[in-house]
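For reference, the structure discussed in these notes is given below.
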Amino acid sequence: MAKIRVLADHVANQIAAGEVVERPASVAKELVENSIDAGATRITIEIEAGGRRLLKVSDDGEGMVRDDAILAFERHATSKIRITDDLIAIGTLGFRGEALASIASVAKVELLTCTEEAPAGTRVAVDGGRMRDVKDAAHPRGTTISVRDLFFNVPARRKFLRSEATETFHLTNLVTHYALAHPEIAFTFVNNGREAVRAVVAKDLRERAYQLFGAEFLESLLEVDGGNAQVARVTGFVSAPRDRRTSRDSQYLFVNRRFVRDRMIGRSLSEGYRSILPHGVYPAALLFIETPLEEVDVNVHPAKTEVRFRRQDAVADAVREAVRNALSHTGFVPPEPQIPQILEIPQPQTAAAAVSSTPPQPRIEFAPLPSGDEIARDIEEMIRTRSISSPPPLPPLDSAQRLVSPVTADALPSNIRPLGQLEESFIIATDDEGLLLIDQHVAHERVLFDKYRALESERRTESQQLLVPETFDLTPAQAAVFDQLAPELEVYGFELMRLSGRTVAIRAVPADLPGGEARNMLSELLETVDAENKSSARDTMRDEIAASLACHAAIKVNMSLTPEKMRWLIDRLLQTSSPTTCPHGRPVILRLKMRDILKGFHRI
Ligand code: ADP
Ligand code: MG
């Protein structure tokens, strides 16, 4: 007997639902996208019990006539594409025509809709994939879809839903994303009868971000505006290096206004912050990437949250450069020398040839990365053990908060005269504009970081042999990273030897690094280096090694310095690539301006 059978429609829909409908937020995503595609100017999302009991989306879009309202629940029913050619340039958010059919197969759905011209609206009710009712019903122009009892007929999936708080978090995050991508649409989000988000029509992204996050967040953001129209325009906002987050939750990424979770974009964003944010710390970002429609394939994932770019590397470069420029315009990193653009646009044939001639890379598996919380703890621990008595955002006195400000690269002090030390940790100095405080540890860190990077690029590192080699034992996870890290460490003057099992001997260390610090530094690096990320790896890894070396070799706080040593440190600092920020993004110099001093004493 033949064994192959065509699946019944409702079974096929439930299988598709597994891909489209993962949780309440994914239902909301499909419904909100439909509303946007329908030209809505106002969208309201209401939820109860984290979206399990009720998830209701209403809009004032074009609505549907009765026949369309019924057809909308058929699999592969879509008004958005007709022929395969349309797939190449998709301008709408939806196009697969499976969302409503999938959702209706695993919940109790009611659709109310009406078009401008229709004499009456329509109500369609579908339960677990079965059409229950179709009749006339009153509704203003637009559509309201209520999804009740999600997964009521698929207990196995219902079990996988997380707590109400978690599902509500995902829903809030989703509404925030769409509200950011569409300032021209008013959004309201109601959670268990309480209004959680209310954003009226805004004139641009800045105003929308202000409505959603408030003034303080907005003021701390740097504007991004870069890339090019042929490959990718990159616009939006990123946070200043002093704002640190331990997860990517505050990164909102969009491609052609479609919200995406794309590792490549996230990585390029982080690379823009190379050498000013440590590993495991993420900037906040609202980044919009606009590419010509034929440059990007959005049809690679049923929920359409992943995209594929035709010129992946060029897009990555555009993102990284745009972010880097935003940081240098605002003085966080020095402007990069203008390298002539060799961004050649490859002809389709040569691009294809290049792809096919690259041998497939073997995938290397590593232990799972630590969670956001673990990273946060590690960083706290790192900061504590580095004996920096001042936590990163220097807690200024109330009055000082208003008057003292970090010195930025465009306002470099000249003619600095050191006067002495405060708490044997900060150099007190004057310059032509007023009073300066210099953090001696981070200043030296910057000096050493630049030195190590320069020596490394000139291939002339200096090392010192240890009389008695230090040994230490790797954990299994560290051992996997070690083999990748070791050659990079040797570039900086380490001499390492893998003894039996997981024991490593340190035979030589870079000049300036106290022998006793080597072990701490290595175990710290082995924990933080992202070995999984191998393509972008080398430069980033070398930066991380240089930053870690600099930190461990630098003079500490609570250390008395002679006037000559202070002078030396300041002179060297001013010659570095970025005298105003340390490799971890902290300010190096604070300034109290003469004007503010005079004001403070009521002399002006
Ligand atoms: P897709 O969005 O991929 O086309 P869906 O299953 O999400 O498929 O929706 C099917 C069709 O139903 C859409 O193509 C559209 O014509 C119609 N539709 C769905 N939601 C709305 C809405 N809120 N307003 C107007 N039309 C809608
Ligand atoms: Mg859709």
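Structural remarks
- Candidate set: the range 74-114, residues that are modelled with pLDDT under 70, among the hydrophobic types (A, V, I, L, M, F, W, C) and in a helix (DSSP H, G or I); chosen: the one nearest to ligand 1 (Cβ to nearest atom): L87
- Any chance E117 is assigned to a loop (DSSP other than H, G, I, E, B) and closer than 17 Å to R42 by Cα: no
- Filtering the range 144-170 to residues that are charged (D, E, K, R) and either assigned to a helix (DSSP H, G or I) or within 31 Å of the chain's Cα centre (by Cα) (or both) leaves R157, R158, K159, R162, E164, E167.
- From E488, E462, E470, E495, residue being at pLDDT 85 or above, over 18 Å from C582 (Cα atoms) and over 33 Å from the mean Cα position of the chain (by Cα): E495
- A Cβ distance below 8 Å, combined with a sequence gap of six or more or placement on separate chains, defines the contacts here; from the range 55-68, residues that are without any contact (Cβ under 8 Å) to a residue 24 or more places away in the chain reach residues that are part of a loop (DSSP other than H, G, I, E, B) and within 16 Å of ligand 2 (Cβ to nearest atom) in the pairs D68/S79.
- Residues that are more than 9 Å from ligand 1 (Cβ to nearest atom), at pLDDT 70 or above, hydrophobic (A, V, I, L, M, F, W, C) and outside any helix (DSSP H, G or I), drawn from the range 2-42: A2, V21
- Of the helices (runs of 4 or more DSSP H) lying entirely inside the range 498-604, those containing at least 3 residues that are in contact with a Lys or Arg (Cβ under 8 Å, 6 or more places away or on another chain) span 537-553.
- Matching option when the condition is over 25 Å from A429 (Cα atoms), modelled with pLDDT of 85 or more, within 28 Å of the chain's Cα centre (by Cα) and crowded, with 19+ Cβ neighbours inside 10 Å, among L513, L549: L549
- Every residue from the range 171-187 that is surrounded by fewer than 17 Cβ atoms within 10 Å (Cβ to Cβ) and assigned to a helix (DSSP H, G or I): N173
- Long-range neighbours under 7 Å by Cβ, at least six apart or interchain, first residue under 14 Å from G515 (Cβ atoms) within the range 447-474, second assigned to a helix (DSSP H, G or I) and among the charged types (D, E, K, R): E470/R519; F472/R519
- Residue list for the range 99-124, restricted to those being within 16 Å of ligand 2 (Cβ to nearest atom), out of contact with any His (no Cβ under 9 Å at 6 or more places or on another chain) and among the hydroxyl-bearing types (S, T, Y): S102
- Any hit, the range 147-170, residues being within 16 Å of ligand 1 (Cβ to nearest atom), in contact with a Lys or Arg (Cβ under 8 Å, 6 or more places away or on another chain) and not aliphatic (A, V, I, L, M): no
- Looking across the range 27-70 at every residue that is over 20 Å from I185 (Cα atoms) and under 27 Å from the mean Cα position of the chain (by Cα), the one that is nearest to ligand 2 (Cβ to nearest atom) is identified as G51.
- Taking the criterion of being modelled with pLDDT of 85 or more and β-branched (V, I, T), the residues of the range 396-445 that qualify are I416, I427, I428, T430, I438, V442.
- Flag if L455 is more than 15 Å from M521 (Cβ to Cβ) and surrounded by fewer than 18 Cβ atoms within 10 Å (Cβ to Cβ): no
The values are calculated or read from the model by the stated rules, or taken from the named source; none is laboratory data. Keep in mind that this is a model prediction, so the values were computed, not measured. For neighbour counting, all protein chains shown are included, and Cβ atoms are generated from backbone atoms with ideal geometry for every residue, glycine included.
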